[in-house]
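Have a look at the structure below, then the notes.
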Amino acid sequence: MKLAAKLVSIFALGIIIMLVVDAYLSLQSETEFFETDMKLDADLIGLAAKGMIENIWRAEGQDRALRAIEHTNKDEHWVTIRWVWLDAPPEDSHSPRASREKLNPVITGQTVSFKEKDKEGKMYFYSYIPVAVDEKRPGALELSESLIQLNERSRFAFIRILVLTGGLVLLSAFAVLLLGVRMIGRPLDHIVSKMRRMGTGDFSGPLQLPGHDELSELAVWLNTACGQLEDAMEKIRVETEGRIAALEQLRHEDRLKTVGRLASGIAHELGTPLNVISGRAEMITRGNLSPTETMENANTIKDQSDRITAIIRQLLDFARRRSTQKCSVDLRQMVRRTVDLIAPLGLKQKVKLSFAGDDDTLVKTEVDAEQIQQVLINIITNSLQAMPQGGRVEVGIRREHTRPPEGYDGAEGDYLCIYVQDEGQGISEEDMGHLFEPFFTTKGTGEGTGLGLSIAYGIVREHGGWIDVESEVGKGSCFQIYLPQEGE
């Protein structure tokens, strides 16, 4: 509707401009025609009067000629004829009414015509025709005609054109508005409505516009585009679901591989409580203990059994496959549990794994704890493998006010940083740029798939964070996992 209103306004403005220009030209033409007609009438009357006055003046004298002029004025209603002496002073009754400087050509025998206002401010059309009746004084006939009639005709023409212009503008505006609403406004409303639905993902309901104009062709194109977009969206949905399923499968396989690495360390961890249980059970079976000692040994067996159960449950919880579930998590406790879980593997490789800080302050954030634990285990495991001769790995958590790197979503603010600092071999500058690429690995054949850090990178990105790496060859590496802090 807005476009139709604009078209109506432009069309009406065009009509107004055309009619105003035509009215101006018409008035100019009518004025010129009227003035030409007045001059022609004055010339005809003047020439006829000139011959008559010359003859009467010579035959019967000046007085008789002046009476003849007065008699002629009675027959002419629009033109007034006067006899004037061109050299008469202004107060003389036969003095010209027009300006003296305009009458110089008349003295030389030329006829002149022009418009000029009189003393009262009224506009007149004057014609001066020289008449040679006295050799000593220049005389002429003065023909004057009021331009009131011309002004009235111009005013009438202006009113007529104004009324005609207004009528045509209203008629044109009504016609254009009617046609614009029907042929442009309503079809455009349908097209806009269709495109808004497309913007929200609704491609149903084909657009039907009658006719064979450009708007109808646009409707056909929109229908075709909707069909193609709907097919593309369905294809994207299927491919996305497949990609998510494949990603979940890769993550699960990576977890199982990590479980395999942890199993050897946990087997060593389980050895001590199993030896205690075996020895205490053997002492009870001999029957040489007092009831009190038997009770103490039974409690010891129970404690060690609970310890074994807790270790196995941790391993099973980590290996279990489940869907993503974000919830409010105390990140400090989660990191501490992860360090405890992987510590036996570190001891087996002569690596001391420590958690920095004993502060029990809650560090809350909204994450999937199992996925973040998987990220942390992958990075710690890589640190252990980077120290074949043993060493030290420090894991900690801190708050930082920072800005995400270029290309990451998020704004400057407070973030939680989990860092893993090792004393390993370090990463070369050449390998640093490929660190998170799928299937990139610096390990030997059969020792790694190159998916661990790529999976960790994807998990952290899904949580709105990023991983930063600082490394120096021969001195070690520091992996920093940044996660958004839970809002207040």
- Residues 362, 345, 384, 353: which one is among the hydrophobic types (A, V, I, L, M, F, W, C) and touching a residue at least 60 places away in the same chain (Cβ under 8 Å)? 345
- Query: Among all residue pairs at least 6 apart or on different chains, which show Cβ distances below 6 Å where the first residue, located in region 129-140, is open to solvent by less than 70 Å² (accessible area, probe 1.4 Å) and the second is among the hydroxyl-bearing types (Ser, Thr, Tyr)?
  - Reply: 129/111; 140/128
- Residue by residue through region 196-215, note down the ones that are touching a residue at least 24 places away in the same chain (Cβ under 8 Å) and in a helix (DSSP H, G or I). 198, 215
- Task: Mind telling me which of the residues 277, 191, 236, 266 ends up being at pLDDT 75 or above, under 30 Å from residue 304 (Cβ atoms) and either hydrophobic (A, V, I, L, M, F, W, C) or surrounded by 11 or more Cβ atoms within 10 Å (Cβ to Cβ) (or both)?
- Result: 277
- Task: Tell me which residues, restricted to region 365-381, are touching a residue at least 60 places away in the same chain (Cβ under 8 Å), assigned to a helix (DSSP H, G or I) and of a type in the set (S, T, N, Q).
- Result: 371, 374, 378, 381
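Results for (1) open to solvent by less than 60 Å² (accessible area, probe 1.4 Å); (2) under 17 Å from residue 378 (Cα atoms); (3) at pLDDT 80 or above; (4) part of a loop (DSSP other than H, G, I, E, B), shown as yes or no for each residue.
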site: 437; (1), (2), (3), (4): no, yes, no, yes
site: 450; (1), (2), (3), (4): yes, yes, no, yes
site: 455; (1), (2), (3), (4): yes, yes, no, no
site: 481; (1), (2), (3), (4): yes, yes, yes, no
- Condition set modelled with pLDDT under 75 and touching a Leu at 6+ places or on another chain (Cβ under 8 Å), scope region 133-160, selection nearest to residue 11 (Cα to Cα): answer is 158
- Item | Close pairs (8 angstrom Cβ cut-off, 6 or more residues apart or separate chains): more than 13 Å from residue 71 (Cα to Cα) in region 46-60, buried (at least 18 other Cβ atoms within 10 Å of the Cβ) and acidic (Asp, Glu) anywhere | none
- Message: Can you report the number of residues in region 13-45 which are under 50 Å from the mean Cα position of the chain (by Cα), open to solvent by 70 Å² or more (accessible area, probe 1.4 Å) and not aromatic (Phe, Trp, Tyr)?
- Response: 7
- Message: Among the listed residues 88, 68, 48, identify the single one that is surrounded by fewer than 14 Cβ atoms within 10 Å (Cβ to Cβ) and over 60 Å from the mean Cα position of the chain (by Cα).
- Response: 48
- Note on the structure: Inside region 388-410, the number of residues satisfying the requirement of being part of a loop (DSSP other than H, G, I, E, B) and either open to solvent by 70 Å² or more (accessible area, probe 1.4 Å) or within 18 Å of residue 476 (Cβ to Cβ) (or both) is 6
- Query: residue 416 passes all but one of (1) open to solvent by 10 Å² or more (accessible area, probe 1.4 Å); (2) touching a Leu at 6+ places or on another chain (Cβ under 9 Å); (3) more than 18 Å from residue 477 (Cβ to Cβ); which number fails?
  - Reply: (1)
- With the first residue restricted to region 100-112 and required to be farther than 18 Å from residue 133 by Cα, and the second required to be open to solvent by less than 90 Å² (accessible area, probe 1.4 Å) and among the hydroxyl-bearing types (Ser, Thr, Tyr), Cβ contacts under 9 Å at 6 or more apart or on different chains are 102/126; 102/128; 112/126; 112/127; 112/128
- When residue 345 is run through (1) over 42 Å from the mean Cα position of the chain (by Cα); (2) under 25 Å from residue 463 (Cα atoms); (3) crowded, with 17+ Cβ neighbours inside 10 Å, the failure sits at (2)
- Note on the structure: Scanning region 317-348 residue by residue, the ones that are outside any helix (DSSP H, G or I) and at pLDDT 75 or above total 6
- Task: All but one of (1) open to solvent by 20 Å² or more (accessible area, probe 1.4 Å); (2) closer than 19 Å to residue 39 by Cβ; (3) at pLDDT below 80 hold for residue 117, so report the exception by its number.
- Result: (3)
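The values are calculated or read from the model by the stated rules, or taken from the named source; none is laboratory data. This one's a predicted model, so the numbers in the text were calculated from it and none came from an experiment. Methodologically, a virtual Cβ is constructed for each residue, glycine included, from the backbone with ideal geometry; neighbour enumeration extends over all protein chains shown. Side chains included, ligands, DNA and RNA excluded: accessible areas come from the protein's heavy atoms. Shrake-Rupley method; radii C 1.70, N 1.55, O 1.52, S 1.80 Å.
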